[in-house]
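A quick write-up on the structure given underneath.
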Amino acid sequence: MRSDSWCGGLSVIGDVYKSEAYELSCFINKEDEIIPWYTINKAPSAELRPDQKDSDSLPDYSILDAILYQYIECSKSREEIVAQGFDEAVVAKTIRMVNRNEFKRQQVAPILRVSPRAFGAERTVPVVAKF
């Protein structure tokens, strides 16, 4: 079997920023509770250890998403993003995490593309690339 073959997985919201995922969830629940509210309202967490929260290691999603948008979709450099008023350390850390975790994006299921520039094939960076 080829290493790039798929097993039926599809990442439906893989091209949606976290803050957009929350907005979509609220929209879906506009008339009826389809997505349990406790999953929407609880603090975001990868749940890799007890009591872990995303806010322990990441900025607020509104800030993180804005930095990611500038870096990924607008192809802005670290310096250009910082010049827009974002904290230099937060920008550097965010870009470092994106680049360091590129290999994970090559392992995920295909993503339904909804943005002009997704974390898909067009953003592929060689796994051995050093940043």
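The values are calculated or read from the model by the stated rules, or taken from the named source; none is laboratory data. If you're wondering where the values come from, they're calculated on a predicted model, not measured in any experiment. Quick reminder, even Gly has a Cβ in these numbers, built from the backbone with ideal geometry, and neighbours come from all protein chains shown.
Tallying residues that are exposed (fewer than 14 other Cβ atoms within 10 Å of the Cβ) and either touching a residue at least 12 places away in the same chain (Cβ under 8 Å) or small (Gly, Ala, Ser) (or both) within segment 74-86 yields 5. Here segment 28-71 is the region considered, the condition is being among the hydrophobic types (A, V, I, L, M, F, W, C) and surrounded by fewer than 10 Cβ atoms within 10 Å (Cβ to Cβ), and the residue that is farthest from residue 95 (Cα to Cα) is 34.
Could you tell me whether any residue of segment 13-27 is touching a strand residue (DSSP E or B) at 6+ places or on another chain (Cβ under 7 Å), among the charged types (D, E, K, R) and surrounded by 13 or more Cβ atoms within 10 Å (Cβ to Cβ)? Yes, segment 13-27 has at least one match.
Of 86, 27, all but one fail to be at pLDDT 95 or above, assigned to a loop (DSSP other than H, G, I, E, B) and hydrophobic (A, V, I, L, M, F, W, C); the exception is 86. Flag: residue 113 matches the condition of being modelled with pLDDT under 90 and either more than 13 Å from the chain's Cα centre (by Cα) or part of a loop (DSSP other than H, G, I, E, B) (or both). Taken over segment 43-61, residues that are part of a helix (DSSP H, G or I), over 23 Å from residue 15 (Cβ atoms) and of a type in the set (D, E, K, R) amount to 1. Can you find even one residue in segment 13-24 that is farther than 18 Å from residue 104 by Cβ, charged (D, E, K, R) and at pLDDT 95 or above? Within segment 13-24, not a single residue is farther than 18 Å from residue 104 by Cβ, charged (D, E, K, R) and at pLDDT 95 or above. Listed by first and then second residue, the pairs linking a residue in segment 87-110 that is on the phi < 0 side of the Ramachandran plot and of a type in the set (Gly, Ala, Ser) to a residue that is surrounded by 14 or more Cβ atoms within 10 Å (Cβ to Cβ) and modelled with pLDDT of 75 or more, with Cβ atoms under 9 Å apart and 6 or more places separating them unless they lie on different chains, are 92/78; 92/82; 109/11; 109/14.
Within segment 62-83, the set of residues being in contact with a helix residue (DSSP H, G or I) (Cβ under 8 Å, 6 or more places away or on another chain), outside any loop (DSSP other than H, G, I, E, B) and under 18 Å from residue 17 (Cβ atoms) comprises 62, 63, 64, 65, 67, 68, 70, 71, 72, 81. Looking across segment 66-83 at every residue that is among the small types (Gly, Ala, Ser) and out of contact with any Phe, Trp or Tyr (no Cβ under 9 Å at 6 or more places or on another chain), the one that is modelled with the lowest pLDDT is identified as 75.
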